[in-house]
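See structure below.
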Ligand SMILES: [Ca+2]
Ligand SMILES: [Ca+2]
Ligand SMILES: [Ca+2]
């Protein structure tokens, strides 16, 4: 099994250091309100410009409620940071310094049309759908406990001193709350904001989301698993049997990539001595070609800036910014002067901050036997698993000499077998998962695997049944 181990080692060596899709969103409140202590539950302030938290001079409690719509964060994201910021307009005359905490609310609540205006510390008659001290939604639905149902443990606490400034709350508890809302949106009821509930005259007045000045904000940073790069190793032949790698750029914003064609630096006997590389668009038009990566000074400096220039000056690389919207691209690797040998063609995503992804990755080449089978490598980046379909196509390809009956193995970074498949309908459970992706192979002899892959490096190995040869395609799609 030295074949895939060599490739895996190569893949790990060339993984980008900061290769994770990271995102940041800053969100306005979806809704906010204040619970005014009142046994009859007649007071609220759905549309007012302030939220209150603490005990007022007349000894009644105030608790703020605030919630954020986090649906713009992908459901499979890992939350890495969460900061709630609120502007403190004023504090009560009895306040010197103290803590304000936020705790996760356990029941849904409403923001109706009530508006107590400025300053609004006494509240106003609740309107239909408003949260009150006893109602989640005035006047039909009730909290289990007057004053709101919320977690007994505060998610974050911030000490407060002077007014007229913005305070922020961030903690592992806040991250856990946002993670739970991203994973299970039906449990997102936001936070209750609580001040000093012992001493009178300590209540705080924060700007609400209905205030045109300094409204609250929730800033969330996150990472999502993604197919980080693809590498395919194959014996590069001539004519129709050169190595062809394909990928699709999904999303809306152009994607900066580096495509590399590696030969002489591979730690393998029989490596292609001198590759050339062409990058083509979906209609076959040439975008850029390159023989040796240092040929063009502008490209050379861009290739160096990626941090992963090829290890040999005869190898090829192209840096390009490619339009998205499901545009397909191919990278064609040949040997100079029709040279042959084992080569690797790779595409790396260089900018994971933009709204686009390498959506699927495929390689076409001649599958031979022994060391010269078709080997695709992929890396899953991030902190959570990525659902992937890998396909090995042969008989459905519209080319002569197609591999009649492929088999597919998926192996992990240590070379351990994750799962293998000969014909994609062999296993009823896999068959139904493959059908659910919407892209089952069109021929029953072709292979496919659907798997949730933890972050790491993987190889997909395509062989012909009974050591047969022919042209095949191996593809990997991220499904999340
Ligand atoms: Ca409000
Ligand atoms: Ca070259
Ligand atoms: Ca098969």
Query raised in the report: So what's the back-of-envelope 222 nm ellipticity for the chain, counting only DSSP H runs of four-plus at -39500 (n - 2.57) apiece and dividing by all residues, rounded to 500?
Result: -2500 deg cm²/dmol
Report task. Rank these for me by crowding, 422, 177, 351, 274, going from fewest to most other beta carbons within 10 Å. Result -> 351, 422, 274, 177
Query raised in the report: With the Cα gyration tensor of the stretch 362-465 giving a ≥ b ≥ c as the square roots of its eigenvalues, does the rule (a/c under 1.5 for rounded; else a/b larger than b/c for prolate; else oblate) give rounded, prolate or oblate?
Result: oblate
Report task. Within 10 Å of each residue's Cβ, count the other Cβ atoms and sort 445, 393, 286 from fewest upward. Result -> 286, 445, 393
Query raised in the report: Which distance in nm do the two modelled labels at residue 213 and residue 265 give, with both placed 7 Å along the Cα-to-Cβ direction?
Result: 5.8 nm
Report task. Within 10 Å of each residue's Cβ, count the other Cβ atoms and sort 390, 465, 345 from fewest upward. Result -> 465, 390, 345
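Which of rounded, prolate or oblate describes the chain when judged by the alpha-carbon gyration tensor and an a/c cut-off of 1.5?
Prolate is the answer for the chain, as a/c is 1.5 or above and a/b outweighs b/c.
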Requested in this report: Evaluate the distance, in nm, between pseudo-label points positioned 7 Å from the Cα of residue 283 and of residue 39 along their respective Cα→Cβ axes.
Outcome: 7.9 nm
Query raised in the report: Under the classification rounded if a/c is under 1.5, otherwise prolate if a/b is larger than b/c and oblate if not, where does the stretch 51-131 fall, given a ≥ b ≥ c as square roots of the Cα gyration tensor eigenvalues?
Result: oblate
Query raised in the report: Taking only Cα atoms, what is the 0 to 90° angle, nearest 10, from helix 2-13's long axis to the longest principal axis of the chain?
Result: 40 degrees
Query raised in the report: Among 455-462, 131-138, what's the highest-first ranking by average C-beta atoms within 10 angstrom per residue?
Result: 131-138, 455-462
Query - Alpha-carbon spread of the stretch 24-223, three principal axes, descending order, Å - result: 47, 39, 32
Report task. May I ask you to derive the FRET efficiency for residue 468 and residue 69 from their Cβ-Cβ distance with R0 = 56 Å, giving the value to the nearest 0.05? Result -> 0.55
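A short reminder: the numbers here are calculations on the coordinates, not readings from a lab. Only a predicted model underlies this, so the values are computations on that prediction, with no experimental measurement involved. All Cβ positions, even for glycine, are placed from backbone atoms using ideal geometry, and neighbour counts span all protein chains on display.
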